[in-house]
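Before any comments, here is the structure.
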Amino acid sequence: MLQVIEFAVDSLETNALTKAQLADLLFDQIGLNKRESKDMVDAFFDLIVQSLIDGKDVKLSGFGNFQIRTKAPRPGRNPRTGEEIPIEARRVVTFHASSKLKEQIQGSAADSAA
């Protein structure tokens, strides 16, 4: 049986959900102590970061996928001077939302519009 835990995030002061707020939610709603909550949030993000550094994709079921993409070198241009500047090859992280997440976002947008 799957238990769904809803987190109340109504009291957020900013438009962004921070790691500290995630730790507070774990403390308030799950019952972990503050140190364990902070350590769990940090460990979760450290694991994601290390997996991406190692070149592994990160798939969070029902949320989305983080992937590393290698971008080729290309010519760029300084918008102020018009001078051509080479842009070196680099690795970037991309995120693709799952269809479930997209449906939830569209559903909440439709609810708030009504």
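A few points about this structure:
- Environment charge of G62, counting only residues whose C-beta is closer than 14 Å and scoring Lys/Arg +1, Asp/Glu -1: +2
- Among (1) 19.5, 62; (2) 20.5, 68; (3) 13.7, 44, the entry that matches Rg and Dmax of the Cα atoms in Å as calculated here: (1)
- Value at 222 nm in deg cm²/dmol, rounded to 500, when DSSP H runs of n ≥ 4 in the chain each add -39,500 (n - 2.57): -12000 deg cm²/dmol
- When a 1.4 Å probe is rolled over the protein heavy atoms, the share of accessible surface on the chain that falls to carbon and sulfur comes to 55 percent.
- Using the 1.4 Å probe convention, the accessible area of the chain works out to 82 Å² per residue with neighbouring protein chains retained.
- Projecting the alpha carbon convex hull of the range 21-87 along each direction and taking the average yields 7.7 nm².
- A 1.4 Å probe, protein heavy atoms only, puts the accessible area of K34 near 120 Å².
- Backbone HN-Hα couplings from phi across the range 57-70 [Karplus 6.51/-1.76/1.60, Hz, Gly and Pro as x]: 6, 10, 10, 10, 3, x, 10, x, 10, 9, 9, 8, 10, 9
- Counting charges near K71 (Lys, Arg +1; Asp, Glu -1) among other residues having Cβ under 13 Å from its Cβ returns a value of +3.
- Angle in degrees between helix 34-53 and the longest Cα principal axis of the chain, rounded to the nearest 10: 30 degrees
- 25 Å Cα-Cα threshold exceeded, pairs from K34/K59; K34/K56; K19/K56; K19/K71; K38/K59; K38/K71: K34/K59; K34/K56; K19/K71; K38/K71
- Net charge of the neighbourhood of F27, taken over other residues with C-beta under 15 Å away and scored Lys/Arg +1, Asp/Glu -1, is -1.
- Normalised contact order of the range 35-97, rounded percent, pairs of Cα under 8 Å and 6 or more residues apart: 27 percent
- Top of E103, E36, E83 by mean-square fluctuation, Gaussian network on the chain, Cα under 10 Å: E83
The values are calculated or read from the model by the stated rules, or taken from the named source; none is laboratory data. Keep in mind that this is a model prediction, so the values were computed, not measured. Every residue, glycine among them, receives a Cβ derived from its backbone with ideal geometry; neighbour counts consider all protein chains shown. Areas reflect the complete protein model, heavy atoms only, side chains present, ligands, DNA and RNA absent. Shrake-Rupley method; radii C 1.70, N 1.55, O 1.52, S 1.80 Å.
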